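Peer 1: Submitted below is the structure of interest, expressed as structure tokens.
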Amino acid sequence: MSIKDILAQVTAKKAVDAASDVAVDVAKGTAKKTAKKAWGCSVFLLNIAAMIIVVIVLVIGVIWGLDAYTHHGEGVEVPELTGMNFSRAIEVSQQNGLTLKINDSTYIKEMPAGCVVLQQPVAGSKVKEGRTIYVTINSLTLPRVEIPDLIDNSSYREAQAKLQALDFVVLPPKLVEGEKDWVYGIECDGRKLQSGDMVAKESHLLLLIGNGMVGEEADIEEFIEDYGSGRIGGEPDDMEGVTEQPQSEHGEL
């Protein structure tokens with residue numbers, strides 16, 4: 001074997017060894033990188049899991065704290081106050097550890113004045129002690145209604161129907177000089193009303209309506225009434241005597 005051949009073999013062996021070393025180094029580097037990636041992924045997952053656990057613990061803690069603070073599941077039952085006098089409703093509310101406040105008022109004719117019409121929360125609800133119950137009461141005073149345009153603009157029957165529909169009490173009418181059954185005025189407790197006046201419901205109203213006598217007819221009727229009552233011309237018997245005397249004198253002549 002020549003020296004050339006021996007050198008060639010040595011060179012080839014070195015090349016193979018070098019290649020093997022490179023392959024080993026590459027394999028080691030790849031393994032290290034893979035291990036690092038796997039470790040990083042595990043750490044990330046562990047962090048996520050830890051965060052989830054922390055959130056769950058916080059939520060449970062908050063819920064428990066709120067229940068303890070608000071006494072969840074504990075409380076008093078709201079009593080039935082509807083139809084009850086307001087003063088009595090206050091007493092009942094205080095007995096149950098609640099407070100009462102008027103929120104609004106209304107008018108219901110069929111219910112007593114000052115009684116509770118509505119309540120919020122409703123009866124039977126569970127609320128904390130000290131809770132305010134808001135109520136609507138029936139008005140202590142009657143609401144006022146506007147007098148419609150009836151004066152010298154309506155017949156008695158029409159005016160009566162309209163006023164009764166507004167919850168007024170219409171008294172027997174008062175007759176005055178004018179066209180029969182025509183409305184000439186409205187009075188309430190002696191006070192003359194005008195269209196547009198505000199008057200309490202259920203007030204007693206007196207309608208002034210025409211008696212069917214106008215002008216000379218009214219004067220004649222008034223004269224007859226005054227004459228018959230003896231307010232003019234002396235006593236009726238005296239007047240008859242005066243009218244009969246000339247006839248007797250005429251007869252003597």
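Peer 1: What are the residues whose amide H is under 5 Å from the amide H of residue 174, where those residues sit 5 or more places off or on another chain and H is modelled from the backbone?
Peer 2: Counting only residues 5 or more places away or on other chains, the set is 207, 208, 209.
Peer 1: Taking the Cβ of residue 107 as the center, what net charge do the other residues with Cβ under 13 Å away carry, scoring Lys and Arg +1 and Asp and Glu -1?
Peer 2: Details: positive: 109, 144, 201; negative: 104, 110, 167, 202.
So the environment of residue 107 carries a net charge of -1.
Peer 1: Here is a follow-up. Roughly what would the spin-label model give for residue 49 and residue 176, points 7 Å off Cα along C-beta, in nm?
Peer 2: In this crude label model, residue 49 to residue 176 measures out at 10.1 nm.
Peer 1: Further, regarding this structure: Computing the accessible area with a 1.4 Å probe over protein heavy atoms, can you report the carbon and sulfur percentage for segment 72-226?
Peer 2: 49 percent
Peer 1: Further question: Using Cα centres only, tell me the gap between segment 81-145 and segment 162-201 in whole Å.
Peer 2: Segment 81-145 and segment 162-201 have Cα centres separated by 36 Å.
Peer 1: Kindly flag which residue pairs out of 180/201; 162/201; 109/162 have an alpha-carbon separation exceeding 24 Å in this structure.
Peer 2: 180/201
Peer 1: Treat each spin label as a single point 7 Å out from the Cα along the C-beta direction, and report the residue 57 to residue 184 distance in nm.
Peer 2: 9.7 nm
Peer 1: Hey, what's segment 124-188 come to in accessible area per residue, 1.4 Å probe, Å²? Show your work: numbers first, answer last.
Peer 2: Values: 3890 Å² over 65 residues.
So segment 124-188 comes to 60 Å² accessible per residue, rounded to a whole number.
Peer 1: Want the number for residue 41 to residue 105: 0.36 nm per residue separation, take away the alpha-carbon distance, what's left? Can you show the working numbers first?
Peer 2: Values: separation 64, 0.36 × 64 = 23.04 nm, distance 6.92 nm.
Gain in length upon complete extension: 16.1 nm.
The values are calculated or read from the model by the stated rules, or taken from the named source; none is laboratory data. What you are looking at is a predicted structure, and each value in this text was computed from that prediction instead of being measured. Quick reminder, even Gly has a Cβ in these numbers, built from the backbone with ideal geometry, and neighbours come from all protein chains shown. Please note that ligands, DNA and RNA were not included when accessible areas were found on the heavy atoms of the full protein model with its side chains. Shrake-Rupley method; radii C 1.70, N 1.55, O 1.52, S 1.80 Å.
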